[in-house]
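The structure appears right after this line, and notes come after that.
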Amino acid sequence: MPSKTSPGIYVAVLILAVIFFYPLWVLIIIAFVPTKYTFGVMYPIQLPLIITLQNVINSFREVDLVGPMIRSLEVAFIVGLLALGLGVPAGYGIAKLTARISNKLIAFLFIINMMPGLVIAIPISLYFYSLHLTNTVLGVALAQELVVLPLTVFIIMGGFRSLPRDLENQARVDGASLGSTFVRVLIPLIRVPILVAFILSWMTSWDEFTYAFIVAPIVPTHSTFPVTLYNYVSRNLPLQSATFALIATVPIIIMVAVFQKYLKGQYLSGGLVG
Amino acid sequence: MNVKMQYVNVYKYYRNTKVLNKFNLEIYDGEFLVILGPSGTGKTTLLRVTAGIEDLTAGKILMEGRDISKNPPNKRDIAMVFQNYALYPNMTAFQNIAFPLKMAKKSKGEIKRKVEEIAETLKIAEVLQKNVTLLSGGQKQRVALARALVRDPKIFLLDEPLSNLDARVRVVARSELKKIQKELGHTFVYVTHDQSEAGSLADRVAVLRNGGIEQIGTYEELLNEPKSTWVGDFIGDYPMNFTSGEYVGRSGTIIGFRDSWVNMDSDTLTGTVQLCTLGEDTYHVQCRLGNAAVAEGGFSLDDIDESEMTQPTNNFVKSSVSIRVSEKYNIGARIKFGLSKYNVYDSNGNLIETVKN
């Protein structure tokens, strides 16, 4: 369908892009421009006319950035994989129920997301304390799982529901056991919803703060990167914070760039383009 | 003939709806059985219950004498073609057809040989490497059929497999299907609502109504001697004519005859022409008849005023009948004809006897 886009749209998009991109731009300036042009002057330079890697090198030398980064990556992958491990069977089961029941179940699942994070995080941290899960990557991941699991189940359920019911029946009639029906027919067909669910879980867990802050508090050797970052900001180390924040954005940008074609509305609602 | 499969008092309820209600049927080895019925009579449910996709509420299904009604679908050795083909969209045509063989753990060489063989028979050899979503409707239907035929199961279930094809392709596919079935000696249970399909394919036709079999027999038997006015109305290109009357003193009797059973040499019946249209090579005449009064040796009736007609005693009795004649009549003309044969039904619509003149 050929349609004419008015120039006003481009102007609007440009303005929005500037608004959203400016904070990132400030990070880039702080991280790569010598400090005498940024922190040393009243009106910091807005264009990276002089570029240096010294800030980044100094930041890495002064504080441990790698440890929190690795812990955050571990959390993100554990959350993402666990969400699929639990969400795929749950989504399959709920998709088989009639819509009347399954919709109620889904709403019930999202109750956790409706509560303020702190309300849930505090009792959880007490419980985790007795399970020796505080200050561990697994502890942070398990707490964060609460947030991503309802959405994962919802997306996976949508994926299963969009498949013709007879495909599964056909596989069974063709002699496939329940297991091989799942592995050979159903999972390949909902690979996009699975991928979307994983990316969303991964991205929300990567920079999750509330649960990480309460379950793994400010112990530099155990905290994840958002907590460490908070630590630097609160200790007034803007240079390290900026460098760290910039580096933290990189995995997200890579993820979104690679998978952006899947991150569309119809996939989030669980639809499947046949 | 050997009994291949047998339904013994099968019930299937969905909540309060009785879809199959004390269903009994024997299917013979090597026969082409067509299940015919209006929509919502449990045709598809019957196949799904047979394949094990849905559980029975009560009763037994015997396959070669052994009860299979508790077996999961993959342990029943039944092939099924679904109405929407249910092809695996993530696979090529070859992988689709090979899937049941792979599940049966056949060797790679054997799978390749068998798939290519069936693809040759069904003329889809050139599209084997294509993804099934790229195939045309006719090719999809063949792939679905091939996926069933590549196996050697005890019985084949086909749920309106030709309904998505256009008319011309359907006729060709129909004759190929029949040929394959006869050549390989397979037992087919074929669900359709298309009567011409039933007529051309079936060894026997089972007419379903209210979750049970209303009548089973060859298509000709169903056409000529419907056991009830309901079957007479349902079977045939045009419904059977029913006119109420008396039969040897029994009031409330119904006379049934097909539009082609007209004998113009006789003049026992008189009617007023209401409509005359040209069919393929005959004229279809709609005319109004009075009440039939059957005496010994046949029945006759004149056209009479509507006010004199007795109230119809059966839903299928209409105030006018349609017949097929070779010449054109004007509207309002009087037409005289006789019947070469007719069926007599009681007031409940059950066949009493067939009379040939």
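Relative contact order of chain A: what whole-number percent is it, with Cα pairs under 8 angstrom and at least 6 residues apart?
On the way: 294 pairs, mean separation 76.4, N = 274.
About 28 percent, as a whole number.
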Review point. Given +1 on the Cβ of Lys and Arg, -1 on the Cβ of Asp and Glu, and no further charges, what dipole in debye does the protein assembly as shown carry about its Cα centre, rounded to the nearest 20?
Key: 2300 debye
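Using a 10 Å cut-off on Cβ atoms, rank the peptides B:323-329, A:140-146 from the highest mean neighbour count down. Intermediate values should be presented prior to the final figure.
On the way: B:323-329: 15.6, A:140-146: 24.3.
Going by the mean number of other Cβ atoms within 10 Å, highest first, we get A:140-146, B:323-329.
Can you give the FRET efficiency for B:GLU183 and B:HIS284, using 1/(1 + (r/R0)^6), R0 = 35 Å, r = Cβ-Cβ distance, to the nearest 0.05? Could the numbers behind the result be given before it?
Working: r = 40 Å, r/R0 = 1.13.
Computed FRET efficiency for B:GLU183 and B:HIS284 comes out at 0.30.
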Exercise for review: Treat the count of other C-beta atoms within 10 Å as a stand-in for reagent exposure and order A:TYR37, A:TYR10, B:TYR88 from fewest to most.
Suggested key: A:TYR10, A:TYR37, B:TYR88
Practice item. With θ set to phi - 60°, apply the Karplus curve 6.51 cos²θ - 1.76 cosθ + 1.60 along the range A:46-61 and write out the HN-Hα couplings as whole Hz, x wherever there is a Gly or Pro. Key: 9, 10, x, 6, 10, 10, 9, 9, 4, 4, 5, 4, 4, 4, 5, 6
**Study point:** Test item: A:161-172 mean partner chain Cβ contacts at 10 Å
**Key:** 6
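Peptide B:86-95: average number of partner chain Cβ atoms within 10 Å per residue? Kindly include the intermediate steps, with their values, before the conclusion.
Numbers: counts 10, 3, 8, 8, 8, 3, 0, 0, 0, 1.
Other-chain Cβ atoms within 10 Å of each residue's Cβ, averaged: 4.
Order of B:170-180, A:158-168 by packing, highest average Cβ count within 10 Å first?
Details: B:170-180: 15.7, A:158-168: 19.7.
Result, highest mean Cβ count within 10 Å first: A:158-168, B:170-180.
Where does the charge balance sit around A:VAL79 when Lys and Arg score +1, Asp and Glu -1, over other residues with C-beta under 13 Å from its C-beta?
On the way: positive: A:ARG71; negative: A:GLU74, A:GLU145, A:ASP207, A:GLU208.
Surrounding charge for A:VAL79 is -3.
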Exercise for review: Neighbouring Cβ atoms within 10 Å as the yardstick, rank B:HIS193, A:HIS132 fewest first.
Suggested key: A:HIS132, B:HIS193
Revision key, fill the gap. With R₀ set to 45 angstrom, the calculated FRET efficiency between the beta-carbons of B:GLU220 and A:TYR262, to the nearest 0.05, is 0.15
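Per residue of A:182-191, count partner chain C-beta atoms within 10 Å of its C-beta, then hand back the mean as an integer.
Details: counts 0, 0, 7, 5, 1, 1, 4, 3, 0, 1.
Partner Cβ neighbours, averaged per residue: 2.
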**Study point:** Sequence-separation-based contact order of chain B, relative, with Cα cut under 8 Å and 6+ spacing, percent
**Key:** 16 percent
Exercise for review: Loop only per DSSP, at most 11 neighbouring Cβ atoms within 10 Å: give me the trypsin sites (Lys or Arg not before Pro) in the range B:74-139, ordered by residue number.
Suggested key: B:LYS105
Practice item. With a point put 7 Å past each Cα toward its Cβ, work out how far B:ASN9 is from A:VAL26 in nm, to one decimal. Key: 8.2 nm
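Could you tell me which GluC sites (Glu not before Pro) in the range B:45-119 are loop residues by DSSP with no more than 14 other beta carbons within 10 angstrom of their beta carbon?
Details: sites: B:GLU54, B:GLU64, B:GLU110, B:GLU116, B:GLU117; in loops: B:GLU54, B:GLU64.
Counting only loop positions with at most 14 other Cβ atoms within 10 Å, the GluC sites (Glu not before Pro) in the range B:45-119 are B:GLU64.
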Study note, to complete from the structure: The convex hull of the Cα atoms of chain B, divided by residue count, gives a volume in Å³ per residue of 167 Å³
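Count charges around B:MET240 for me, please; just the other residues with Cβ under 10 Å from its Cβ, Lys/Arg as +1, Asp/Glu as -1.
On the way: positive: B:ARG258; negative: B:ASP233, B:ASP259.
Net charge around B:MET240: -1.
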Review point. Summing Lys, Arg as +1 and Asp, Glu as -1, what charge do residues with Cβ under 10 Å from the Cβ of B:THR45 carry, B:THR45 excluded?
Key: +2
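Taking 56 Å as R0, compute the FRET efficiency from the Cβ-Cβ separation of A:SER234 and A:ILE187 and round it to 0.05. Walk me through the intermediate numbers first.
Values: r = 45 Å, r/R0 = 0.80.
It comes out at approximately 0.80.
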Practice item. Find which of A:PRO238, A:LEU163, A:VAL215 sits farthest along the positive direction of the dipole of chain A, computed with +1 on the beta-carbon of Lys and Arg, -1 on that of Asp and Glu, about the Cα centre. Key: A:LEU163
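Looking at chain B only, what percent of DSSP beta bridges run antiparallel? Nearest 5 please. It would help to have the intermediate numbers written out before the result.
On the way: 57 of 78 bridges.
About 75 percent, rounded to the nearest 5.
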Review point. Put +1 on the Cβ of every Lys and Arg and -1 on every Asp and Glu Cβ in chain B; which of B:GLY338, B:ILE180, B:ALA93 then has its Cα farthest towards the positive end of the dipole?
Key: B:ALA93
Practice item. Report ³J(HN,Hα) in whole Hz for each residue of the range B:191-197, in order, from the Karplus equation J = 6.51 cos²θ - 1.76 cosθ + 1.60 where θ = phi - 60°; Gly and Pro get x. Key: 9, 7, 10, 8, 6, 5, 5
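Normalise the Cα radius of gyration of the protein assembly as shown by 2.2 N^0.38 Å (N = residues in it) and let me know the number. List each step's numbers first, then the result.
Working: Rg = 36.9 Å, N = 631, 2.2 N^0.38 = 25.5 Å.
In units of the globular-protein estimate, the protein assembly as shown measures up at 1.45.
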Point to revise | Coarse-grained scattering of the range B:168-219 at q = 0.22 Å⁻¹, given as base-10 log I(q)/I(0) from a Debye sum over alpha-carbon atoms | key: -0.87
Review point. Which percent, nearest 5, of DSSP beta bridges in the protein assembly as shown are antiparallel?
Key: 75 percent
Point to revise | Cα centroid of the range A:101-137 to Cα centroid of the range A:53-75, whole Å | key: 30 Å
Practice item. Kindly list the residues of the range A:2-36 that lie in the label zone of A:ILE45, defined by a backbone N under 20 Å from the point 7 Å along the Cα-to-C-beta vector. Key: A:22-36
Point to revise | aspartates and glutamates with Cα under 13 Å of B:LYS22, excluding same-chain neighbours fewer than 8 positions away | key: B:GLU214
Revision key, fill the gap. Ranked on Cβ counts within 10 Å of their own Cβ, fewest leading, B:MET103, B:MET264, A:MET42 go A:MET42, B:MET264, B:MET103
Practice item. List, in order, the whole-Hz ³J(HN,Hα) value for each residue of the range B:62-69 obtained from phi through the Karplus relation with A = 6.51, B = -1.76, C = 1.60 and θ = phi - 60°; use x for Gly and Pro. Key: 9, 10, 6, x, 9, 6, 10, 5
Check your understanding: Roughly what would the spin-label model give for A:LYS96 and B:VAL171, points 7 Å off Cα along C-beta, in nm?
Key -> 4.6 nm
Check your understanding: Can you give me the Cα centroid spacing of the range B:185-231 and the range A:172-219 in angstrom?
Key -> 50 Å
Check your understanding: Given labels modelled 7 Å from the Cα in the Cβ direction, how far is it in nm from A:ARG165 to B:ALA58?
Key -> 2.5 nm
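Return a whole-number percent for the relative contact order of the range A:7-52, with Cα pairs under 8 Å and 6 or more residues apart as the contact set.
After rounding, I find 32 percent.
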Exercise for review: May I ask which of B:LYS227/B:LYS341; B:LYS102/B:LYS154; B:LYS70/B:LYS108; B:LYS4/B:LYS123; B:LYS18/B:LYS60; B:LYS105/B:LYS182 have a Cα-Cα span longer than 20 Å here?
Suggested key: B:LYS70/B:LYS108; B:LYS4/B:LYS123; B:LYS105/B:LYS182
Check your understanding: So, with +1 on the Cβ of K and R and -1 on the Cβ of D and E, and no other charges, what is the size of the charge dipole of chain A about its Cα centre, to the nearest 20 debye?
Key -> 600 debye
Study note, to complete from the structure: When the charge dipole of chain A is computed with +1 at the Cβ of Lys and Arg and -1 at the Cβ of Asp and Glu, the Cα pointing farthest to the positive end, of A:GLY175, A:ALA248, A:ILE122, is that of A:GLY175
Point to revise | Spatially proximal aspartates and glutamates relative to B:LYS130 (Cα-Cα < 13 Å; intrachain offsets below 8 disregarded) | key: none
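We did not get these values from a lab; they are worked out from the coordinates using the rules stated. Every value quoted in this text rests on a predicted model; they were computed, and no experiment measured them. So basically every Cβ, Gly included, is an ideal-geometry build from the backbone, and we count neighbours across all protein chains shown.
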